[in-house]
């Protein structure tokens, strides 16, 4: 029983569902494609919509942006602003796109 607790503590943190959705959509889009955060929020909201639910995709935008920053800081995605990569550790504003990191450097 002690081994199970130790192993569980060493397991990496499970991926947030929004982060998983971002990675899934980028993988499906292809290596050179970009997606917008609102597309992720719309898709995520559509999967969770229940009959009679008036929840809109807007409520997921903050989570999408937070998870995009997390994934970018981990090097799993790139955040683009005006087509150029931004530093996910520095403040930035405005419209962004999400992309898979380019292999071979940029």
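In segment 54-65, which residue that is surrounded by fewer than 13 Cβ atoms within 10 Å (Cβ to Cβ) and either part of a helix (DSSP H, G or I) or in contact with a helix residue (DSSP H, G or I) (Cβ under 9 Å, 6 or more places away or on another chain) (or both) is modelled with the highest pLDDT? Going through the qualifying residues, I end up with 62. For segment 26-51, filtered to residues that are touching a residue at least 60 places away in the same chain (Cβ under 8 Å) and part of a helix (DSSP H, G or I), the residue that is nearest to residue 62 (Cα to Cα) is 37. Checked against (1) in a loop (DSSP other than H, G, I, E, B); (2) touching a helix residue (DSSP H, G or I) at 6+ places or on another chain (Cβ under 6 Å), residue 15 passes all but a single condition, namely (2).
The values are calculated or read from the model by the stated rules, or taken from the named source; none is laboratory data. Worth saying up front: this structure is predicted, and the values here are computed from it rather than measured. Every residue, glycine among them, receives a Cβ derived from its backbone with ideal geometry; neighbour counts consider all protein chains shown.
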